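Report on the structure given below.
The values are calculated or read from the model by the stated rules, or taken from the named source; none is laboratory data. The structure displayed is predicted, hence computed values, not measured ones. Cβ coordinates were reconstructed from backbone atoms using ideal geometry, including for glycine residues, and neighbour counts include every protein chain displayed.
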Amino acid sequence: MIQTSARHAETDAHYKAPDVAGYGEVPHDEKVRLFEQVKGDFRFADYLFGCYECGICVAACPSAKFYDFSPRRVAQAAAREDVDLIYQQMQEDIWECSQCFSCLRCPRGNNPGGIITIMREVAVNNGLASAKEALVGYSRIIYKIMSSGTQVSPDMLRSDAFPDWGPETADVADNLDLWRRALPAETMHTTSAGWSVADKTLVELYLIWLETGALDMIAEVDRGLHSILLELMEERLEEEGIQP
Ligand code: SF4
Ligand code: SF4
């Protein structure tokens, strides 16, 4: 049963829902529609089994140490089907998660980070303002990954290439060796590490992104980037004699 203040409003014409989540102007039906998409995701049932409210996920969560963010609040809102709070979290909280999945320590078997993954996908698919705002600094990275099939390595992070990433980019670039000694070995890759992607693999990636709708997700948050990538992929596939 979806918990909402508006549900009470159905039984009391004079009842005015308190705007506890700060998004009272958003139609209630819209919040329900978005939550139904989250709940309707095939992964949802495996990610949420209720919540003991024990806070173990919060203790394990690195983002909770630095932001006003709590995986427990996300799990609880989903368990209670509080669509007002869930909408607020989709516009705010979920973008603080670093997707590290340390919260998998949950004794109830929940996966708060996974719930957040679904909420983010729904936010992107529906072009929520928070999704556009969160992804604006990543357009170059999305372009790089989806056009070349490779990744972004730390030595590519330069202030001139990523002006919207703030002053920390310059700090990382200027002290890259120091940062690398402090961080795990997986971050040791560089552009010289030979991330060449075979032609066949790149064509397969293009087909996957087109056929699964992954590319279409970008259209909701950045139409310009979507057009550029779509043209690039279709052109390449045509060269291979493939009709996407
Ligand atoms: S996946 Fe997100 S919510 Fe879970 S521990 Fe990592 S940062 Fe926290
Ligand atoms: S660890 Fe699991 S049960 Fe405990 S508060 Fe977090 S989501 Fe709830």
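Here are the criteria: (1) within 11 Å of ligand 1 (Cβ to nearest atom); (2) surrounded by fewer than 17 Cβ atoms within 10 Å (Cβ to Cβ). Tell me which single one Cys54 does not satisfy.
(1)
Among the residues of region 85-121, which ones are surrounded by fewer than 22 Cβ atoms within 10 Å (Cβ to Cβ), more than 9 Å from ligand 1 (Cβ to nearest atom) and either under 11 Å from the mean Cα position of the chain (by Cα) or outside the structural domain of Pro71 (by TED's automatic domain parsing) (or both)?
Residues satisfying the conditions are Trp95, Arg120, Glu121.
Of all residues in region 104-131, which are assigned to a loop (DSSP other than H, G, I, E, B), hydrophobic (A, V, I, L, M, F, W, C) and away from ligand 2 (no atom under 11 Å from the Cβ)?
Within region 104-131, the first condition is being assigned to a loop (DSSP other than H, G, I, E, B), and the residues that meet it are 106-111, 126-128.
Pick out the ones that are also hydrophobic (A, V, I, L, M, F, W, C) and you get 106, 128.
Within region 104-131, just Leu128 meets the criteria.
Looking at region 67-94, which of the residues that are in a helix (DSSP H, G or I) and polar (S, T, N, Q) is farthest from Arg108 (Cα to Cα)? Break it down stepwise before answering.
Our first condition is that a residue be in a helix (DSSP H, G or I); within region 67-94, this holds for 71-80, 83-91, 93-94.
Retained after the next criterion (residues that are polar (S, T, N, Q)): 76, 88-89, 91.
Values: Gln76: 12, Gln88: 24, Gln89: 22, Gln91: 26 Å.
By that ranking, first place goes to Gln91.
If you go through region 212-224 one residue at a time, do you hit one that is at positive phi and either without any contact (Cβ under 8 Å) to a residue 60 or more places away in the chain or surrounded by fewer than 17 Cβ atoms within 10 Å (Cβ to Cβ) (or both)? Spell out how you get there, then give the answer.
Step one: list which residues in region 212-224 are at positive phi, which gives 213.
Keeping just the survivors that are either without any contact (Cβ under 8 Å) to a residue 60 or more places away in the chain or surrounded by fewer than 17 Cβ atoms within 10 Å (Cβ to Cβ) (or both) gives 213.
Yes, because at least one residue in region 212-224 is at positive phi and either without any contact (Cβ under 8 Å) to a residue 60 or more places away in the chain or surrounded by fewer than 17 Cβ atoms within 10 Å (Cβ to Cβ) (or both).
Looking only at region 57-84, filter to residues that are of a type in the set (A, V, I, L, M, F, W, C) and over 17 Å from Phe101 (Cα atoms); which one of those is farthest from ligand 1 (Cβ to nearest atom)? Let's see the steps before the verdict.
Filtering region 57-84 down to residues of a type in the set (A, V, I, L, M, F, W, C) leaves 57-61, 64, 66, 69, 74-75, 77-79, 83.
Narrowing further to those that are over 17 Å from Phe101 (Cα atoms): 77-79, 83.
Working: Ala77: 13, Ala78: 12, Ala79: 15, Val83: 20 Å.
Ranking the qualifying residues of region 57-84, first place goes to Val83.
Conditions (1) among the aromatic types (Phe, Trp, Tyr); (2) at pLDDT below 95, marked per residue:
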{"residue": "Glu36", "(1), (2)": "no, no"}
{"residue": "Asp41", "(1), (2)": "no, no"}
{"residue": "Phe44", "(1), (2)": "yes, no"}
{"residue": "Leu48", "(1), (2)": "no, no"}
{"residue": "Val58", "(1), (2)": "no, no"}
{"residue": "Lys65", "(1), (2)": "no, yes"}
{"residue": "Ser70", "(1), (2)": "no, no"}
{"residue": "Arg73", "(1), (2)": "no, no"}
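Only one of Ala75, Ala134, Ala79 is more than 11 Å from ligand 2 (Cβ to nearest atom), within 26 Å of Gly24 (Cα to Cα) and hydrophobic (A, V, I, L, M, F, W, C); which?
It is Ala134.
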